[in-house]
Amino acid sequence: MELRLCDDFGPDGFGWIVEEAITRTSHALAANGKVWFVDALDWPEAIDRALELGEPAGVVQLLDRHDRDCAALAARLGVPHVVVPEELPGSPFTFVPVMRRRRWRESGLWWPAKRTLVLADALATNRFYTAGKAPIGVHVLMRLTPPRALTAYEPERILVGHGEGVHGPEASTALRDAIDQSRRRLPGVLLRLPLASRS
């Protein structure tokens, strides 16, 4: 499994990504001398770097089926493992209920001080989501009913569970465009899925 660092935003955190078709991505978020791991894959280089940013405070699993290495990492670090949280006392984060179905429970993480939105599966940037035609796209199974609650936020950084993030003033526009155009772009995404699988 080949991994590399990504989404570096200095003392506030960074990400790491697996070089594979589905581009699984994890993040470390640091604030007030503490660090939280989000949808974490246990890559020693990334974990060690994250611990240089602060004391471990928790492992956040934003999607019920994104087990990855979250439980094992939390146990090793001796910190809480929270799954699809609605709140996280002692952290600077709030949470958005993205999906609440029996087979799909997902929360989005909003970090207001940094205008950072973190999403597990609802939106992402790899070709399975965007077909190479947009900066970020809605999950194919959510395209008919996209998570419009996210348009209440104006992020300057969007971090995702599949692919590299979207950074800068265009992030908010990209988020709104992905949700507004979700239905219209569905046929094109479906047509290009085989190409995404081969890329």
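The values are calculated or read from the model by the stated rules, or taken from the named source; none is laboratory data. This one's a predicted model, so the numbers in the text were calculated from it and none came from an experiment. Neighbour counts are summed over all protein chains in view; Cβ atoms, including those assigned to glycine, are modelled from backbone coordinates with ideal geometry. The accessibility values were calculated without ligands, DNA or RNA, using every heavy atom of the protein model including side chains. Shrake-Rupley method; radii C 1.70, N 1.55, O 1.52, S 1.80 Å.
Could you say whether any residue in region 130-139 is of a type in the set (Ser, Thr, Tyr) and either at pLDDT 95 or above or in a loop (DSSP other than H, G, I, E, B) (or both)? No, region 130-139 contains no residue that is of a type in the set (Ser, Thr, Tyr) and either at pLDDT 95 or above or in a loop (DSSP other than H, G, I, E, B) (or both). Taken over region 18-46, the residue count meeting the criterion of being open to solvent by 50 Å² or more (accessible area, probe 1.4 Å), touching a His at 6+ places or on another chain (Cβ under 7 Å) and not aliphatic (A, V, I, L, M) is 1. Evaluating Val59 against the criteria (1) touching a helix residue (DSSP H, G or I) at 6+ places or on another chain (Cβ under 6 Å); (2) part of a helix (DSSP H, G or I) leaves one unmet condition, (2).
Are any of the residues in region 140-148 within 12 Å of the chain's Cα centre (by Cα) and open to solvent by less than 30 Å² (accessible area, probe 1.4 Å)? No: zero hits. Can we say Val82 is touching a Ser or Thr at 6+ places or on another chain (Cβ under 7 Å) and touching a residue at least 24 places away in the same chain (Cβ under 8 Å)? In short, no. Looking only at residues in region 1-47 that are touching a residue at least 40 places away in the same chain (Cβ under 8 Å) and in contact with a Ser or Thr (Cβ under 6 Å, 6 or more places away or on another chain), the one that is farthest from Pro80 (Cα to Cα) is Ile17. When Leu41 is tested against (1) more than 18 Å from the chain's Cα centre (by Cα); (2) part of a loop (DSSP other than H, G, I, E, B); (3) within 22 Å of Glu164 (Cα to Cα), just one condition goes unmet, and that condition is (1). Residue count for region 75-120 satisfying the condition of being in a loop (DSSP other than H, G, I, E, B), of a type in the set (Gly, Ala, Ser) and either touching a Phe, Trp or Tyr at 6+ places or on another chain (Cβ under 9 Å) or open to solvent by 30 Å² or more (accessible area, probe 1.4 Å) (or both): 3.
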